[in-house]
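The values are calculated or read from the model by the stated rules, or taken from the named source; none is laboratory data. Note that the structure is predicted; figures quoted are calculated from it, not measured. Quick reminder, even Gly has a Cβ in these numbers, built from the backbone with ideal geometry, and neighbours come from all protein chains shown.
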Amino acid sequence: MTASLTLKSVPEGLLDSLRSAADSAHRSLNKEVIHRLERSFDKPMKATMKTSSNEWDKARVAEQVDAWKELSGGWESDLSIEAEIEALYAARTEGRKVDL
């Protein structure tokens with residue numbers, strides 16, 4: 001079952017950040033908010049905004065390392081490593097054109 005939720009008084013900067021993140025992930029704004037809310041309940045985050053920027057970055061890196069460690073050894077495939085790598089390269093796209 002799903003329900004509707006209305007957010008009021010969302011700071012403009014936060015809304016801009018959400019829109020940008022949604023665009024980057026090719027999601028709607030609604031799906032991006034749901035994704036972020038679901039992630040917030042997955043497991044406690046070590047990084048909090050109470051820490052300094054450098055400490056926060058280190059905590060985020062530690063979270064990513066922990067996540068990769070949990071995933072390591074869990075990949076199963078009938079393809080060889082070389083074939084997997086070749087398939088990954090074949091599936092790559094050039095991405096969006098960006099004017100710098």
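Some observations on this one:
- Selection count, the stretch 1-32, where residues are surrounded by 10 or more Cβ atoms within 10 Å (Cβ to Cβ), within 17 Å of Arg96 (Cα to Cα) and not charged (D, E, K, R): 5
- Within the stretch 79-94, no residue that is touching a residue at least 24 places away in the same chain (Cβ under 8 Å) and on the phi > 0 side of the Ramachandran plot sits with its Cβ atom under 7 Å from a residue that is exposed (fewer than 10 other Cβ atoms within 10 Å of the Cβ) and of a type in the set (A, V, I, L, M, F, W, C) at 6+ positions apart or across chains.
- Considering residues of the stretch 33-59 that are exposed (fewer than 10 other Cβ atoms within 10 Å of the Cβ) and modelled with pLDDT of 75 or more only, the residue nearest to Arg96 (Cα to Cα): Glu38
- Test for Arg27: is it assigned to a loop (DSSP other than H, G, I, E, B), closer than 28 Å to Leu7 by Cα and at pLDDT 85 or above: yes
- Here Val10, Val65 are screened, and the one residue that is assigned to a loop (DSSP other than H, G, I, E, B), of a type in the set (A, V, I, L, M, F, W, C) and at pLDDT 85 or above is Val10.
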